[in-house]
Amino acid sequence: MEDQETISAKVEYARQVEKVLHWLGRLVAAVGVAGMAVFTAFWAAGDLNAEQGVSLVLGTTLATVLSGATAYGAGVNIGLGAERLHLAARSAGIRPLPPGQPTSGRMPNGSPE
């Protein structure tokens, strides 16, 4: 029973981290699109010359795309790891709790919340 609770807690925690990283990736992408729009508006209004406009728009776009993709990709990786752990536990004869079912209030490291 101890293994079931520990593995279930780790899988559930990984799934929570996956959700946060997906949310963070989307948030960074939204901020990047907003920044790109603002710099494009400044460029169109004549507040920036062509060199400044291109460098700011491209720099903002590339930086946010890479940052957002990194966070989102990390979330996908953690989610896949949680699924692998869940499947490995099932094949070893340990029945982890289904996703979303609460464990006994324990965190993955064994300490209370």
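The values are calculated or read from the model by the stated rules, or taken from the named source; none is laboratory data. Source: prediction; values computed, not measured. A quick note on method: Cβ atoms are made from the backbone with ideal geometry, for glycine too, and the neighbour counts reach across all protein chains shown.
Annotations for the structure displayed:
- Hey, V11 touching a His at 6+ places or on another chain (Cβ under 6 Å) and not charged (D, E, K, R) or not: yes
- Of residues in region 9-33 being of a type outside the set (A, V, I, L, M, F, W, C) and surrounded by fewer than 19 Cβ atoms within 10 Å (Cβ to Cβ), the one nearest to T60 (Cα to Cα): R26
Yes/no matrix, rows are residues, columns are (1) over 24 Å from V76 (Cα atoms); (2) touching a residue at least 24 places away in the same chain (Cβ under 8 Å):
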position	(1), (2)
E5	no, yes
A14	no, yes
M36	yes, yes
L56	yes, no
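- Residue check for A44: of a type in the set (G, A, S) and at pLDDT 90 or above: yes
- Taking region 48-57 as the range and being in a helix (DSSP H, G or I), of a type in the set (A, V, I, L, M) and either surrounded by 12 or more Cβ atoms within 10 Å (Cβ to Cβ) or within 13 Å of the chain's Cα centre (by Cα) (or both) as the test, the residues that pass are V54, L56, V57.
- Residue in region 9-32 that is at pLDDT 90 or above, not hydrophobic (A, V, I, L, M, F, W, C) and not in a helix (DSSP H, G or I) present: no
- Residue-level check: of (1) exposed (fewer than 12 other Cβ atoms within 10 Å of the Cβ); (2) touching a residue at least 60 places away in the same chain (Cβ under 8 Å); (3) among the aliphatic types (A, V, I, L, M), A45 misses just (2).
- Comparison of T60, T70, T6 shows that the only residue that is modelled with pLDDT of 90 or more and surrounded by 14 or more Cβ atoms within 10 Å (Cβ to Cβ) is T70.
- In the set (1) modelled with pLDDT of 90 or more; (2) surrounded by fewer than 17 Cβ atoms within 10 Å (Cβ to Cβ); (3) not in a loop (DSSP other than H, G, I, E, B), the condition left unmet by L87 is number (1).
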